[in-house]
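Novice: There's a structure below that I have some questions on.
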Amino acid sequence: MRIDVVSIFPEYLAALDLSLIGKARRQGLLDIRIHDLREATTDRHRTVDDTPYGGGAGMVMKPEPWAQALGAVLAAAPDPRPTLIVPSPAGAVFTQAMAHDLAELDHLVFACGRYEGIDERAIDWAREQFDVRAVSLGDYVLNGGEVAVLAMVEAVGRLIPGVVGNPESLVEESHSDGLLEYPVYTKPSSWRDRDVPEVLLSGDHARIAQWRRLEQFRRTAERRPDLLALLDPATLTSAERTA
Ligand code: 6GU
């Protein structure tokens, strides 16, 4: 998968050299290229922002540097119409389902806005060249898109075949089945007077699976009742319905 990220803080994206994503890049599974928006400016001060028309607090990112930077990405793109993701608290909420959708694509481009956002005409221009999607991490405000891109690239990148060594790890994790993950334990079996639940030491795999599934329901009901409401009740056992 090819990923381009345009930002005025390219150093923010240095974390994509680390861990599983960094390894996937070195293996050639992910071709991630970071671009400095200021390289697309032509004035002495490398200006990327200006005051908002209509007034108000903060600054707005000028359209021309964005069109230049995204035009250069397009010129080097493997496909004619990449997907452009614009991280924004005003976007659609990023979910595991969206991560799976994005993981199917060949080329993602991320446009990291700062300040109060990007001049809307640059987004309208981009719609003629890209499939544009405004995407939010959730209902809170970050100072810019960079942290959101780190989260999205990690969530999408780990779904690319070969990036996560053991693909089984992708199956039993939070959100893979609409529920939160069950609690996990490792050695020692007794630690500071706290014991690992007996069922996990029993070797009875059917009982263990049943216990884990029930714990998933308990946890989801307690922490994320909104997720339980999305499940089809017909697929639940009576123990699960009452968990
Ligand atoms: Cl994607 N961007 C910004 N600036 N703030 C956010 C966000 C994104 N998601 C949640 N808050």
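Novice: Over the Cα atoms of region 2-167, how large are the radius of gyration and the largest Cα-Cα distance (Dmax), in Å?
Specialist: For region 2-167, the Cα radius of gyration and maximum Cα-Cα distance read 15.6, 53 Å.
Novice: While we're on this one: Let me know the charge dipole size of region 2-167 about its Cα centre in debye, to the nearest 20, where only the beta-carbon of Lys, Arg (+1) and Asp, Glu (-1) is charged.
Specialist: Charge dipole, region 2-167, about its Cα centre: 400 debye, nearest 20.
Novice: Points 7 angstrom from Cα along the Cβ direction at Val141 and Gln210: gap in nanometres?
Specialist: 5.2
Novice: May I pose another question? Based on other C-beta atoms within 10 Å, arrange Val6, Val60, Val153 from fewest to most.
Specialist: The order, fewest Cβ neighbours first, is Val60, Val153, Val6.
Novice: How much of the DSSP bridge set in the chain is antiparallel, in percent, rounded to the nearest 5?
Specialist: Roughly 20 percent of the beta bridges in the chain run antiparallel, per DSSP.
Novice: Order of Lys62, Lys187, Lys23 from fewest to most other C-beta atoms within 10 Å?
Specialist: Listing Lys62, Lys187, Lys23 from fewest to most nearby Cβ atoms yields Lys187, Lys23, Lys62.
Novice: Based on other C-beta atoms within 10 Å, arrange Met59, Met98 from fewest to most.
Specialist: Met59, Met98
Computed from the coordinates by the stated procedures, all read-outs in this text should not be read as laboratory data. In this text the structure is predicted, and so the values were computed from the model without any measurement. Glycine also receives a Cβ, built like all others from the backbone with ideal geometry; neighbour counts cover every protein chain displayed.
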